[in-house]
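A.B. asks: Take a look at this one; I'll ask things after.
Throughout, read-outs are computed from the coordinates displayed, never taken from laboratory work. Computed from a prediction, not measured in an experiment: that's the story for all the values here. Glycine also receives a Cβ, built like all others from the backbone with ideal geometry; neighbour counts cover every protein chain displayed.
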Amino acid sequence: METLPTDAALEVLPPEPARPPTAGPRDWLRRNLFRSVGDGIVTVVAGLIVAYLLYRGIRYLFVTGRWEIIRVNLRLFMVGRYPADELWRISVALAAIAGYIGVVAGFAVKRRRVTGRQLPEEVDQPRARALLATAGRLWPLVVGIALIMSMVTTAGPWLTVAGIVAAGIVGRLIGPRLPARSTLALLLVALVGFGALLLFLSAPAEISTWSGIMLNVFLAIAGITLCFPLGLLLALGRRSRLPVVRWLSILYIEVFRGVPLYVLLLLAYVVLPLFLPSSDANPSSVTRAIVAMTLFTAAYIAEIVRGGLQSLPRGQTEAAYALGLSPVRTTFWIVLPQALRNVIPAIVGQFISLFKDTTLAASAMSLIDALGVAEAATSQSRFQGQGLTAETYAFVMLLFWIGCVTMSRESQRLERRLGVGTR
Amino acid sequence: MSAETTAATSRRPPLWRDVRVLAWAFQLGVAAVVVAVVWYLVRNYIDNTEARGLSRDFTSWLDQPAGFPIPDSDFRQSQPNRDAIIEGFFNTLRLSITGIVLATVLGTVIGVGRLSQNFIIRTSTRAYVEFVRNVPLLALVFLAFSAIVLNAFPAPNDSWELGPIAVFNVRGSSVFWFEGENWKALVVLLAALIVMFVVARWRRAVFDRTGTPARTALWAIPIGLAVAVVVWILLGLGVTAPTRDGTRVTGGIRMTPSYFAALIALVVYTSSHIAEIVRASIQAVPRGQSEAADALALSPFQRLWYVVLPQAMRIGVPPIGNQFLNLTKNSSLALVISFPELTKVTQLATASRAPSVPAYTLLLLIYLAISLALSLIVNIVNRRLAIVER
């Protein structure tokens, strides 16, 4: 290493005065709130407005809001008219789902440990701190459940929540003990378990009689499970070299993307019976809602996946062919895993849309989902004509907000885990 | 040796392993399945309509009297279905275009606010976006209608008045508007736009020739506005402002409660999505671009206007165009609060006399046409903005 030639002029410069510390509350205030005079004015005006809105919001939450209507109808909002004696089935189902999610989370941690792709925060973290971190990450879920539980008057929901947390923790402990090659088995368990849970839950009450947020969640899960494979096929079809397949896919995608979902749902509700044999019993409203939402969302998924496929360099396919992989194996082993990884946020965004759109399905099909309960509750003789719509709709919005925010936050986390855009 | 391999590979494989044969067989199979499904559905449709004695005529229902009224309009129930559909079409268009304009303005402001250096602006806009984006639009529509417009707005004799600009109350809201024929207003708008376009081209030509700063907006906007005012006066257009007399509001353009509620919900919902796109596209412009602008001693405004925004637009225009399409399609949700837009009118028509399949087919075609027209516009804009590569 050479040293730089010393310059006499440089040596006579006095040492620089110590800079003021850049961290500290005063400095933070100056950088974030009072950069200049104009900025200060903006801060004061906006601060007053925000403070007023916060004051009104908090007052509404604790003082002026009349939440009695929610407290009385809480069960209707959550599980609708599900038979009261059979509610334990829902608790068991929720605990099973939580346990499964716990197992998958624990298994994922083990996979990352085995493959050496652990995240820095995961290494040697004490159990209690890890649990706290999870709760902090899922704060919308925690705060939302706390708000809901604050209105509970019976013991059942408390037992359910306790069961869910316990099952989740147990699952999380079991997960790392599974053999490292259980991915396929876990997927199979999910599919079989989904069917089994449906049978278990629909034993006392047919699915077509479900209502409340439970109906929204069921419609969303069914739609998500079905629309993804269909969308994948359509995306591959649109990029196919076979003209018939390609043009049929394009026609399907463009037609379904050009039409409002509500119109499709109305078609399924009003027009579809004319196109089915009159002798058969018509499919139930719930089935028709699922079909319409699946067909609609699949077109959007197809376009998202196509974007992912197009973002993949040609060299990947060519390299796979050079290694002697067949076209099918190239697609499923090389192309799709990379293409899908690139579009996870967009796909989850579409799933979130689907969850929100279940309200449309219920509205078009005259089903009583959470929004339907919100409307019905305000016309109960006890609450009629008191202008309680704000309370009921706000509560339904909270329910959806919890679900959507949790989904989008977890997808962002998954995206970081898979290292999208960092390589 | 080499002759042998050539001979071996040039021989055609047996039919069941020939890729070309397999590809065509597969396509024929797919086509056959699709045709069979369509044929099955059409067969059922014909059987069902014959069994129930329903009309299969796809056009004559348009000329039959509608048999249902549309509230708050000039439409009478003795008029044909055709007029009802046209009324619904213009209601959809009115709601969508107003919504697009307002949502773009609000979304851009909020999206830029999310990048503000001011903590309060940054946090409050983020809270807005994170809340609105994760809530069903239908809930917003119901909330805006029954909890805000019908419940929180004042009684007519107690209206909120914003001088001569607007009057709000529970029976409807009125804002100032032009007075006169619609085509005259369209002429004013077109004249202003054309003049602005011409001035902008001229300024760019001057810049190319002499190098004096173009200052396009500084020239085009005042000249365009001046021309608009002149044409306005020449055509004899007037202005009407709402005034309240007791419980009656006269003048201005009136918005029914359902229209106003649908507009609020659509604008709030779409603006949150547009805000995210605006933020993401500004952030997607590489930092080096801003730093290069600073190195060239551009002012903060010049940096934003000449360097960052043009590149952000290129990224943001296609997804924002998609949001415009979504808003137009989502305007069909206004039917749940009985705003007589296209879908609601079709629903009313089929409930009274119109046969459902032809009516819904027409509805699908109209929505497809709107979507195609909008995506055509977006594509043209996109092509103009796109980078010209080698």
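A.B. asks: Express in whole angstrom the spacing between the alpha-carbon centres of the range B:226-255 and the range A:65-104.
C.D. replies: After rounding, the separation between the Cα centres reads 55 Å.
A.B. asks: State which stretch of chain A is the longest one without any exposed GluC sites (Glu not before Pro), exposure meaning a DSSP loop state and at most 14 other Cβ atoms within 10 Å.
C.D. replies: Numbers: sites that count: A:Glu2, A:Glu206.
Within chain A, the longest run free of exposed GluC sites (Glu not before Pro) spans A:207-423.
A.B. asks: Output the relative contact order of chain B, whole-number percent, from Cα pairs under 8 angstrom with separation of 6+ residues. Intermediate results must be reported in sequence, preceding the final value.
C.D. replies: Numbers: 443 pairs, mean separation 87.3, N = 390.
This gives 22 percent for chain B.
A.B. asks: A follow-up question, please. Please compute the contact order of the range A:207-423 in relative form: average sequence separation of alpha-carbon pairs under 8 Å and at least six residues apart, divided by the residue count, as a percent.
C.D. replies: Working: 216 pairs, mean separation 60.6, N = 217.
Answer for the range A:207-423 is 28 percent.
A.B. asks: A follow-up question, please. Over chain B, with a Gaussian network built from C-alpha contacts below 10 Å, which listed residue (B:Ala25, B:Ala200, B:Ala185) shows the highest mean-square fluctuation?
C.D. replies: Checking each option, the largest mean-square fluctuation is seen for B:Ala25.
A.B. asks: Tell me, what is the FRET efficiency for B:Ala185 and B:Ser78 to the nearest 0.05, using R0 = 41 angstrom and their Cβ-Cβ distance as r? Show your work: numbers first, answer last.
C.D. replies: Values: r = 30 Å, r/R0 = 0.73.
Efficiency for this residue pair is about 0.85.
A.B. asks: If you don't mind, there's one more thing I want to ask. What is the magnitude of the charge dipole of the protein assembly as shown about its Cα centre, with +1 placed on the Cβ of each Lys and Arg, -1 on the Cβ of each Asp and Glu, and no other charges, expressed in debye to the nearest 20?
C.D. replies: Numbers: 74 positive and 45 negative charges, 363 e Å.
Approximately 1740 debye in magnitude.
A.B. asks: Of B:Asn151, B:Asn182, B:Ile165, which is farthest towards the positive pole of the range B:125-184's charge dipole, taken about the Cα centre with +1 and -1 on the beta-carbons of Lys, Arg and Asp, Glu respectively?
C.D. replies: Result: B:Asn151, furthest along the dipole toward the positive end.
A.B. asks: Out of A:Leu309, A:Val259, B:Ser299, whose Cα points farthest toward the positive end of the dipole of the protein assembly as shown (charges: +1 Lys, Arg; -1 Asp, Glu; placed on Cβ)?
C.D. replies: My answer, from the dipole projection, is A:Leu309.
A.B. asks: On to the next question. Can you tell me, using C-alpha contacts under 8 Å and at least 6 residues apart, the relative contact order of the range B:254-390 as a whole percent? Please report the intermediate quantities before stating the final value.
C.D. replies: Values: 80 pairs, mean separation 39.2, N = 137.
Computed value for the range B:254-390: 29 percent relative contact order.
A.B. asks: Then there is this: Taking each residue in A:267-275, count the Cβ atoms of any other chain within 10 Å of its Cβ, then average. What number comes out? Intermediate results must be reported in sequence, preceding the final value.
C.D. replies: On the way: counts 6, 0, 0, 8, 7, 1, 3, 12, 8.
Mean shielding count: 5.
A.B. asks: From the Cα gyration tensor of the range A:279-423, with a ≥ b ≥ c the square roots of its eigenvalues, which class applies: rounded if a/c is under 1.5, or else prolate if a/b is larger than b/c, or else oblate? Provide the component values of the computation, followed by the final result.
C.D. replies: Numbers: a/c = 4.97, a/b = 2.06, b/c = 2.41.
Oblate is the answer for the range A:279-423, as a/c is 1.5 or above yet b/c matches or exceeds a/b.
A.B. asks: Is the protein assembly as shown rounded, prolate or oblate when judged by the Cα gyration tensor, a ≥ b ≥ c being the square roots of its eigenvalues, rounded requiring a/c under 1.5 and prolate requiring a/b larger than b/c?
C.D. replies: Values: a/c = 1.17, a/b = 1.01, b/c = 1.16.
Taking the square roots of the gyration eigenvalues as a ≥ b ≥ c, the protein assembly as shown is rounded.
A.B. asks: Given only helices, namely DSSP H runs of n ≥ 4 each adding -39500 (n - 2.57), what is the per-residue ellipticity at 222 nm of chain A, to the nearest 500 deg cm²/dmol?
C.D. replies: -22000 deg cm²/dmol
A.B. asks: Using DSSP to define loop residues, name the trypsin sites (Lys or Arg not before Pro) in the range A:339-415 whose beta-carbon has at most 12 other beta-carbon atoms within 10 Å.
C.D. replies: A:Arg382
A.B. asks: Before rounding to the nearest 500, sum -39500 (n - 2.57) across all DSSP H runs of length at least 4 in chain B and divide by the residue total; then give [θ] at 222 nm in deg cm²/dmol. Please report the intermediate quantities before stating the final value.
C.D. replies: Numbers: 12 runs with 246 residues, N = 390.
Estimated from H runs of four or more residues: -22000 deg cm²/dmol.
A.B. asks: Give the separation of the Cα centroids, the range B:349-375 to the range A:348-397, in Å.
C.D. replies: First find each Cα centre; the distance between them is then 27 Å.
A.B. asks: Taking 2.2 N^0.38 Å as the expected size of a compact globular protein, what ratio does the Cα radius of gyration of chain B give against it, to two decimals? Write out the running numbers ahead of the final one.
C.D. replies: Working: Rg = 28.2 Å, N = 390, 2.2 N^0.38 = 21.2 Å.
Ratio of Cα Rg to 2.2 N^0.38 Å: 1.33.
A.B. asks: Specify whether the C-alpha gyration tensor of chain A places it in the rounded, prolate or oblate class, a ≥ b ≥ c being the square roots of the eigenvalues: rounded for a/c under 1.5, otherwise prolate if a/b is larger than b/c and oblate if not.
C.D. replies: oblate
A.B. asks: Something else: At most 16 other Cβ atoms within 10 Å plus a DSSP loop assignment makes a site exposed; report the longest stretch of chain B without any exposed GluC sites (Glu not before Pro). Walk me through the numbers on the way to the answer.
C.D. replies: Working: sites that count: B:Glu181, B:Glu389.
Within chain B, the longest run free of exposed GluC sites (Glu not before Pro) spans B:182-388.
A.B. asks: Starting from the Kirkwood Rh over alpha-carbon pairs, what translational D in µm² s⁻¹ does the range A:319-358 have by Stokes-Einstein at 37 °C and 0.692 mPa s?
C.D. replies: Details: Rh = 11.8 Å.
The Stokes-Einstein estimate is 279 µm²/s.
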